[in-house]
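Data first, discussion second: the structure below is written as structure tokens.
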Amino acid sequence: MLAYVLRRLLHTIPIILVGSFITFVMVSASGDPLGDLKAKQPPVSPAILEAERHRLRLDLPLLEQYWRWLSGIFRGDWGPSVNRIDIGHEIWPRLLVSVRLVVLAVLLALLLALVIGVISAVKQYSFVDYLFTFVGFLLLSMPAFWLAILLKQQAIDVNEAAGTTLFYTVGDASIPPPVGFWPNVSDIAGHIVLPTIVLALTTFAPWSRFVRSSMVEVQQSDYVRLARAKGLPRRKVLIRHALRTALIPLTTVVALDLAVLFSGAVITETVFQWRGMGSFLLSAVRDKDIYAVMAWLLLVSVIVVLFNLIADLLYAVLDRRIRLG
């Protein structure tokens with residue numbers, strides 16, 4: 001297993017390098033970082049423009065720009081920013097904020113997908129199955145930003161009717177934060193409720209369909225029929241034998257959907273005005289900040305690759321018939 005992990009990690013290095021170079025070329029061609037400075041009135045002097053061009057490394061060949069960015073990352077230098085911010089110092093706290101949201105949303109979405117998927121498979125073609133199917137397709141077709149705005153407005157109405165703040169609708173934490181550990185934890189938990197619900201509801205719907213289809217197929221397999229013929233309890237057959245195998249397709253989908261989850265988190269964070277990776281990416285794209293955009297894309301790509309590795313390792317845990325060679 002250790003040899004397999006090391007081999008997979010070695011395989012991911014060229015994937016990340018090639019992907020980061022292609023992304024760097026595309027981001028560099030997306031716009032001129034000095035466009036806003038050139039459009040200022042009165043016009044900025046050519047000396048200032050040239051100094052900024054040199055600071056942002058725009059006077060270097062593209063390959064050299066990429067190499068200096070890539071080699072600088074290992075030294076903690078994420079490259080110069082258009083807004084003169086320290087990208088590394090700025091992005092790590094924001095990453096923790098976004099990861100907190102994504103992890104909780106994934107856990108809630110997985111719980112809903114497993115419960116609803118299993119119930120739909122067991123009660124196939126029943127009223128409950130049709131109801132869950134309708135709700136799943138409804139949430140699947142619902143834009144994340146629309147659901148976020150809807151829940152936010154409803155929370156504001158509830159707060160106004162109650163005359164107090166029952167649901168936090170702005171920010172990832174209060175400013176200034178409350179004094180004390182538990183009050184601070186309670187404040188963060190209160191702010192994360194609505195964004196987590198939005199991200200989980202728009203995510204669990206397709207996952208529940210994968211669980212349902214896998215469970216329906218697995219229940220017809222020979223080893224599940226044999227377990228039933230031996231007189232094993234129905235719950236034990238479903239959970240220990242059927243569900244364990246049915247989780248393999250879901251594991252693949254969850255690992256591949258992480259990039260989509262971070263994209264959804266960008267929209268959700270924007271609606272609820274979180275200072276996470278979402279606002280960081282939007283401001284970087286708006287300002288054509290090449291190295292800030294590359295920092296966001298690199299971190300997300302590394303997370304996706306690592307979770308795909310974790311998914312491959314989970315295959316052997318869920319199904320002992322799988323041998324990782």
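Kindly express, to the nearest 10 degrees and within the range 0 to 90, the angle between helix 244-256's C-alpha long axis and the longest C-alpha principal axis of the chain.
The angle comes out near 10 degrees.
Given the rule -39500 (n - 2.57) for each run of at least 4 DSSP H residues, summed and divided by the residues of the chain, what is its mean residue ellipticity at 222 nm, to the nearest 500 deg cm²/dmol?
Computed mean residue ellipticity for the chain: -24500 deg cm²/dmol.
Could the peptides 61-74, 40-53 be put in order, highest first, of the mean number of other beta-carbon atoms found within 10 Å of their residues?
Final packing ranking: 61-74, 40-53.
Which peptide among 131-141, 256-266 comes first, and what is the full order, when sorted by highest mean count of other Cβ atoms within 10 Å?
Result, highest mean first: 256-266, 131-141.
Just going by the charge dipole of the chain, with Lys and Arg at +1 and Asp and Glu at -1 on Cβ, which of Ile85, Gly35, Leu111 is farthest out on the positive end?
Leu111
Write down the accessible area per residue of the stretch 216-278 in Å², having rolled a 1.4 Å probe over the full set of protein chains.
51
Keeping all protein chains in place, calculate the accessible area per residue for the stretch 91-164 (probe 1.4 angstrom), answer in Å².
57
Roll a 1.4 angstrom probe over the protein heavy atoms and tell me the percent of accessible area of the stretch 1-141 that is carbon or sulfur.
Within the stretch 1-141, the accessible surface is 73 percent carbon and sulfur.
Where Rh denotes the Kirkwood radius from the mean inverse Cα pair distance, what is Rg over Rh for the stretch 1-99?
1.08
Efficiency by 1/(1 + (r/R0)^6): what FRET value for Leu17 and Leu96, r their Cβ-Cβ distance, R0 = 35 Å, to the nearest 0.05?
Efficiency computed from Cβ-Cβ geometry: 0.85.
Might you work out the accessible area of Arg286 for me, using a 1.4 Å probe with all protein chains in place, and round it to the nearest 10 Å²?
Around 150 Å² of this residue is reachable by solvent.
Can you give the charge dipole size of the stretch 34-132 about its Cα centre, rounded to the nearest 20 debye, using +1 on the beta carbon of Lys and Arg and -1 on the beta carbon of Asp and Glu?
Here the size comes out at about 80 debye.
Find the all-direction average of the projected area of the Cα convex hull for the stretch 89-163, expressing the result in square nanometres with one decimal place.
So the Cα hull casts an average projection of 7.7 nm².
Counting every Cα pair in the stretch 1-58, what percent are over 14 Å apart?
Every Cα pair in the stretch 1-58 considered, those over 14 Å come to 70 percent.
Percent of Cα-Cα pairs per 20 Å bin, from 0 to the last occupied bin, for the chain, please list those.
25, 49, 24, 3, 0
Rounded to the nearest 10 Å², what accessible area does Met142 show when all protein chains are kept and the probe is 1.4 Å?
Using a 1.4 Å probe on the heavy atoms, I get roughly 40 Å².
Given +1 on the Cβ of Lys and Arg, -1 on the Cβ of Asp and Glu, and no further charges, what dipole in debye does the chain carry about its Cα centre, rounded to the nearest 20?
1600
Can you give the relative contact order of the chain as a percent, counting alpha carbon pairs under 8 Å and 6+ residues apart?
Normalised by residue count, the contact order of the chain is 26 percent.
On the full set of protein chains, 1.4 Å probe, figure out the accessible area of Thr165 and give it in Å² to the nearest 10.
Result for Thr165: roughly 80 Å² accessible.
When N is the residue count of the stretch 42-114, what does its C-alpha Rg come to as a fraction of 2.2 N^0.38 Å?
1.71
With unit charges on the beta carbon (Lys/Arg positive, Asp/Glu negative), name the residue among Asn308, Val216, Gly278 whose Cα is farthest towards the positive pole of the charge dipole of the stretch 199-325.
Val216
Quote the charge dipole size of the stretch 146-237 about the Cα centre in Debye, to the nearest 20; the model charges only the Cβ of Lys and Arg (+1) and of Asp and Glu (-1).
The calculation lands at about 980 debye.
Hey, if you put +1 on the Cβ of every Lys and Arg and -1 on every Asp and Glu Cβ in the stretch 195-292, which of Leu258, Leu243, Trp207 ends up farthest toward the positive end of that dipole?
Going by the Cα projections, it comes out as Leu243.
So how do 200-210, 17-27 stack up, highest first, on mean other-Cβ count within 10 Å?
Ranking the peptides 200-210, 17-27 by packing returns 200-210, 17-27.
Quick check: convex hull of the Cα atoms in the stretch 199-298, volume per residue, rounded to a whole Å³?
Roughly 111 Å³ of hull volume per residue.
What ranking of Asp187, Asp222 comes out by heavy-atom accessible area, probe 1.4 Å, highest first?
The ranking, largest first, comes out as Asp222, Asp187.
The values are calculated or read from the model by the stated rules, or taken from the named source; none is laboratory data. These numbers come from a predicted model, not from an experiment. Glycine gets a Cβ as well: all are built from the backbone with ideal geometry, and neighbour counts include every protein chain shown. SASA here: full protein model, heavy atoms, side chains in, ligands and nucleic acids out. Shrake-Rupley method; radii C 1.70, N 1.55, O 1.52, S 1.80 Å.
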